[in-house]
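S.K.: Once you've had a glance at the structure underneath, I'll fire off some questions.
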Amino acid sequence: MRREARPAGRRHSFRSRDSHRDFEADSTAAAVQTYVYKGLGFFDADEVQDAVALLRYLADPLSNLRAATLLRSRVVRLSDAAVARLGSAPPRRF
């Protein structure tokens, strides 16, 4: 069954915040309503940042910087103060 194409039936994904601005301006000039969901690039989204922090830590688990980034992410959710306390604790001997 065919139906008439309407502007409300279209979706677009963009790689960065800048790339959608020209499209949005042209659509607005043509009286087509637009809506920007999140307005962030894919790699700027919180959930992607969390996944990247986890993968970077797994790639180099001895890196203090990568460990701190993972601990501060939404995966673990430690506060800055808690991460600082971990960093200032004396090393444990096994």
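S.K.: Going through region 41-94 one residue at a time, which ones are in a loop (DSSP other than H, G, I, E, B), open to solvent by 70 Å² or more (accessible area, probe 1.4 Å) and of a type in the set (D, E, K, R)?
M.R.: Hits for region 41-94 are Arg74, Arg77, Arg92, Arg93.
S.K.: Mind checking which residues of region 2-30 are open to solvent by 90 Å² or more (accessible area, probe 1.4 Å), part of a loop (DSSP other than H, G, I, E, B) and either closer than 25 Å to Ala45 by Cα or at pLDDT 70 or above (or both)?
M.R.: Arg2, Arg3, Glu4, Arg10, Arg11, His12, Ser13, Arg15, Arg17, Asp18
The values are calculated or read from the model by the stated rules, or taken from the named source; none is laboratory data. The structure presented is a predicted model; accordingly, all values stated were derived computationally and were not measured. Areas reflect the complete protein model, heavy atoms only, side chains present, ligands, DNA and RNA absent. Shrake-Rupley method; radii C 1.70, N 1.55, O 1.52, S 1.80 Å.
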